[in-house]
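For reference, the structure is listed below as structure tokens.
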């Protein structure tokens, strides 16, 4: 059973999703408590491979309000946990032109916090318009079908 904490809504609009991967994330105690309250923002977050390790950059987790003086830094880089084989595969695909790592959602899986990462390619503006038109047509069809039944 998984409970979604926060979704990156802009990701599916801005990028064409090529592949997804689930990764663990290294967090501090106050960060987990803040996530349980839903205090996170991943709008500008992205993944990067540094020194054969996968990192999540620009994920904002608000400081825990009930904490003492010892609290976490909201915008620190957080290490992601994937196997070495997956890391090599990701590294090969990222070296391809135009591919980037974008987090799609942050969620609890049991008591662990996980991240859905996507290998994504940036959309051009005409692609964005086409996907908006497609979504509108699907919505209209659903409305018509709903009226019939």
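Below, the figures for the structure above:
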read-out	value
Residue satisfying condition, being in contact with a helix residue (DSSP H, G or I) (Cβ under 8 Å, 6 or more places away or on another chain) and closer than 23 Å to residue 22 by Cβ, within set 112, 87, 119, 81	119
All strands (runs of 3 or more DSSP E) inside the range 1-52 with 3 or more residues being over 30 Å from residue 125 (Cβ atoms)	2-7, 15-25
Residue in the range 43-53 that is surrounded by 13 or more Cβ atoms within 10 Å (Cβ to Cβ), in contact with a helix residue (DSSP H, G or I) (Cβ under 6 Å, 6 or more places away or on another chain), at pLDDT 85 or above and farther than 20 Å from residue 9 by Cα present	yes
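Conditions tested, residue by residue: (1) under 16 Å from residue 116 (Cα atoms); (2) touching a strand residue (DSSP E or B) at 6+ places or on another chain (Cβ under 7 Å); (3) surrounded by 14 or more Cβ atoms within 10 Å (Cβ to Cβ); (4) free of Cβ contacts under 8 Å to residues at least 12 places away in the same chain.
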| site | (1), (2), (3), (4) |
| --- | --- |
| 23 | yes, yes, yes, no |
| 31 | no, yes, yes, no |
| 70 | no, no, no, no |
| 92 | no, no, no, yes |
| 102 | yes, yes, yes, no |
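The values are calculated or read from the model by the stated rules, or taken from the named source; none is laboratory data. Please read all numbers here as calculations on a predicted model, not as lab measurements. FYI the Cβ positions are ideal-geometry reconstructions off the backbone, even for glycines, and counts take in every protein chain you see.
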